[in-house]
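Following: one structure in structure tokens, then a few remarks.
The values are calculated or read from the model by the stated rules, or taken from the named source; none is laboratory data. Given the structure is predicted, the values throughout are model-derived calculations rather than measurements. Cβ sites come from the backbone with ideal geometry, for glycine too, and all protein chains shown count toward neighbours. Surface areas here come from the heavy atoms of the whole protein model, side chains and all, with no ligands, DNA or RNA. Shrake-Rupley method; radii C 1.70, N 1.55, O 1.52, S 1.80 Å.
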Amino acid sequence: MLNKFILILFLLIGVSAKAHQPEVSTTMLVQNENNVWVLQISASLTAFQKEVRTHFPEYKTPEEFQEMVLEHIKNNLVITFNDNQNITLSKGIVKLGHETKVVYEILGVPSVIKTVSVQNTAFKDIYNNKSALVLLKDGFNKEHFVLNKKNNHRLKLTSKDNKFVVVTVNEASFFSPLILAALLMVLGLGFLLKAVISKKIQYEK
């Protein structure tokens, strides 16, 4: 528990040092005592303001802003465990500051985690944005990953030997069945077109 606290402290210090960088954020999933899971999303206040102004009408009070932030996060966050088990977020709270935090308790996290998929597009409108994805589970190695434009702000992780690793999506090879079928179709059409042209030439002679 002490190691987890120290790691969280260093992560929060790192985010605080970058609190004025709107392109940098963190998405943290943390298991507390009694299998209670907490989600914390941290970013600069500027980042949240930009996203709210992009997707919502003008707010007049801090309370309205906070409600818009919570709605924006829920609209742009998808977390799934064990491939098909969705979770429920508590109402959530917003802690305003140069570094603004959004905190939810997560309901419905299974006791045995085989896979976890996280997509967070809350800051997709900010140029070159990236979010450090951190998972802290009792008995697991402390790992962090990156959500960015290259992976569509989404990662799927699998648990292996008490650590989380990224599930690699195999891209279709050049000779995959689908591409091979398309290639054969193109070649077939090419031969057919060549035969038709040859017959036309012979007929004209």
Could you count how many residues in region 121-154 are within 14 Å of the chain's Cα centre (by Cα), open to solvent by 20 Å² or more (accessible area, probe 1.4 Å) and among the hydrophobic types (A, V, I, L, M, F, W, C)?
3
Give the residues of region 83-113 that are surrounded by 14 or more Cβ atoms within 10 Å (Cβ to Cβ), of a type outside the set (D, E) and either touching a residue at least 40 places away in the same chain (Cβ under 8 Å) or outside any strand (DSSP E or B) (or both), sorted by residue number.
I87, L89, G92, T100, K101, V102, V103, Y104, I106, V109, I113
Can you pull out the residues in region 155-168 that are part of a loop (DSSP other than H, G, I, E, B) and over 15 Å from the mean Cα position of the chain (by Cα)?
K160, D161, N162, K163
Can you tell me which residues in region 121-150 are of a type in the set (F, W, Y) and in a loop (DSSP other than H, G, I, E, B)?
F123, Y127, F140
Selected residue (only one of L136, L70 is touching a helix residue (DSSP H, G or I) at 6+ places or on another chain (Cβ under 6 Å), within 28 Å of N32 (Cβ to Cβ) and among the aliphatic types (A, V, I, L, M)):
L136
Counting only residues that are free of Cβ contacts under 8 Å to residues at least 60 places away in the same chain and surrounded by 16 or more Cβ atoms within 10 Å (Cβ to Cβ), which one in region 50-63 is nearest to the chain's Cα centre (by Cα)?
V52
